[in-house]
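Let me begin by presenting the structure, written as structure tokens, before commenting on it.
The values are calculated or read from the model by the stated rules, or taken from the named source; none is laboratory data. None of the values given here were measured: they were computed from a predicted structure. Using ideal geometry, Cβ is built from the backbone for each residue, glycine included, and neighbour counts are taken over all protein chains shown. In case anyone asks, the SASA skips ligands and DNA or RNA and just uses the protein heavy atoms, side chains included. Shrake-Rupley method; radii C 1.70, N 1.55, O 1.52, S 1.80 Å.
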Amino acid sequence: MSNKKTTLKDIAGKLNISTAAVSKALRNDSRISKKTKEAVKKIAKDLDYQPNNLASALRSGKSNLVGVMVPSTNSSYFSSVLQNIEEVLNSKGYNVIVTQSNESYTKECNNIDTLLFTQVDGIIASMANETIDLNYFEKIKSKGIPLILFDRGENNLNVDYIGINDYDSSHMIVDHLVQEGRKNIAHIGGFKHTRIFNNRIRGYIDALQKHKLTLFDDYVSESNLTIEDGKAQMKKLLALKNPPDAVYAASDYAALGALQVLKEEKIAVPKTIALVGFGNEPFTTMVTPTITTVDQHSAEIGKIAAETFLEYADQKTTTQQLNKKILEAKLIVRESS
């Protein structure tokens, strides 16, 4: 079998017409007869013709492709966002290219280069944990390509952002734990340089002050919020002279790791230590005890992100400014608290 790709010239040769006529027929140009269009499409199918979308995008300035960058696809939050972005964009004739950074700044930069090379019409992104330097995101803007950020974004980029109120979410969690009689509340947090996790840490600290509770330095940690991070931080908290009576983890994965350690140590949850996670991952209802968590409205965020891109889709020049669409998160109280 030959590996040679079928070209417009091959199709034209079969029908004894020009390559220009073949190109117009494949684009359903009204100047080409129905009979010729049908013949061209039949030969194209028989020869397994694959159009060069990159070349087409370079000619027309539009690829009908949108890049979506996420830290990970194994989170139900990001999976739900992706599903809803794709549903909205597919209905408008766009295809989605999904990339994941695995929380790596280097991989994120490579993903951006790949998407730009592919001539995407826009990029919808949630930043990697490692990302501090915003130059690559500025590069997207410099190309005149709409950039929509969700969940993790930075105000300094002056683009559209969709997310929840992370600061208020921490207040909501601490308020709940205080109402349950907890006085020594620890926080397994994300990295402060990431805006959403900084907001969650600030909200936690301010909520403690609001309730006149002591903030212990050993009670606050930063990590990637994986299951292993949750285990490691929980072990450190249990080793303290004055261990907490409640733990608020900024992700459900870290909360799951913490719960595993508590069960291994035979510490009653929530009687001795209450536990709250963040993200409403499906497993939070499958473990014992079920985990109290925060729902981030992933489906709605995905839809809004896609609709925001569509607002820019037909503009010849894109001028963006900081435009936040903030949703109020919902606390789902379960057995762990």
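Would you mind stating whether A329 is more than 19 Å from A255 (Cα to Cα) and in contact with an Asp or Glu (Cβ under 9 Å, 6 or more places away or on another chain)? Working first, answer last.
Values: more than 19 Å from A255 (Cα to Cα): no; in contact with an Asp or Glu (Cβ under 9 Å, 6 or more places away or on another chain): yes.
So A329 does not fit the description; no.
Sort out which residues of the stretch 293-307 are within 15 Å of the chain's Cα centre (by Cα) and either of a type in the set (V, I, T) or closer than 12 Å to L147 by Cβ (or both), and write them in order of number.
Within the stretch 293-307, I301, I304, A305 meet the criteria.
Would you be able to say whether some residue in the stretch 131-139 is more than 26 Å from A299 (Cα to Cα) and open to solvent by less than 50 Å² (accessible area, probe 1.4 Å)?
Filtering the stretch 131-139 down to residues more than 26 Å from A299 (Cα to Cα) leaves 132-136, 138-139.
If we keep only those that are open to solvent by less than 50 Å² (accessible area, probe 1.4 Å) as well, we get 134.
So far as the stretch 131-139 goes, yes, one or more of its residues are more than 26 Å from A299 (Cα to Cα) and open to solvent by less than 50 Å² (accessible area, probe 1.4 Å).
When the residues of the stretch 11-36 are filtered to those that are open to solvent by 70 Å² or more (accessible area, probe 1.4 Å) and closer than 20 Å to Q50 by Cβ, which remaining residue is nearest to the chain's Cα centre (by Cα)? Don't jump to the end; show me each part of the working.
From the stretch 11-36, those open to solvent by 70 Å² or more (accessible area, probe 1.4 Å) are 14, 16, 27-28, 30-31, 34-35; that's our starting set.
Add one more test, that the residue is closer than 20 Å to Q50 by Cβ, and what stays is 14, 27-28.
Working: K14: 47, R27: 34, N28: 37 Å.
Among them, the one singled out is R27.
Looking for whichever is assigned to a loop (DSSP other than H, G, I, E, B), crowded, with 18+ Cβ neighbours inside 10 Å and among the aliphatic types (A, V, I, L, M) here; the options are L213, L225. Which one fits?
Values: L213 fails: crowded, with 18+ Cβ neighbours inside 10 Å.
Answer to the selection: L225.
Just to be sure before I move on: is G144 assigned to a loop (DSSP other than H, G, I, E, B), modelled with pLDDT under 95 and closer than 21 Å to S75 by Cβ in the structure I sent? If you could, list the steps in order and put the result at the bottom.
Values: assigned to a loop (DSSP other than H, G, I, E, B): yes; modelled with pLDDT under 95: yes; closer than 21 Å to S75 by Cβ: no.
Criteria not met by G144.
Quick one: in the stretch 269-285, which of the residues that are closer than 23 Å to E180 by Cα and among the hydrophobic types (A, V, I, L, M, F, W, C) is most open to solvent (accessible area, probe 1.4 Å)?
V269
One residue is enough: does the stretch 219-241 have a residue meeting the conditions farther than 24 Å from N165 by Cα and among the hydroxyl-bearing types (S, T, Y)?
No, the conditions are met nowhere in the stretch 219-241.
It is to be established whether one or more residues within the stretch 280-287 are at pLDDT 95 or above and part of a strand (DSSP E or B).
So far as the stretch 280-287 goes, no, none of its residues is at pLDDT 95 or above and part of a strand (DSSP E or B).
Which residues, counting only those in the stretch 253-278, are without any contact (Cβ under 8 Å) to a residue 24 or more places away in the chain and part of a helix (DSSP H, G or I)?
Our first condition is that a residue be without any contact (Cβ under 8 Å) to a residue 24 or more places away in the chain; within the stretch 253-278, this holds for 263-264, 266, 268, 271.
Listed by number, the residues that qualify are K263, E264.
Might you let me know whether the stretch 41-50 holds any residue that is modelled with pLDDT of 85 or more and among the aromatic types (F, W, Y)?
Scanning the stretch 41-50, I find no residue that is modelled with pLDDT of 85 or more and among the aromatic types (F, W, Y), so the answer is no.
Based on this model, can you work out whether N84 counts as open to solvent by less than 50 Å² (accessible area, probe 1.4 Å), polar (S, T, N, Q) and either more than 30 Å from G153 (Cβ to Cβ) or modelled with pLDDT of 90 or more (or both)? Step through it out loud before you land on a result.
On the way: open to solvent by less than 50 Å² (accessible area, probe 1.4 Å): yes; polar (S, T, N, Q): yes; either more than 30 Å from G153 (Cβ to Cβ) or modelled with pLDDT of 90 or more (or both): yes.
Taking the combined requirement at face value, the residue satisfies it.
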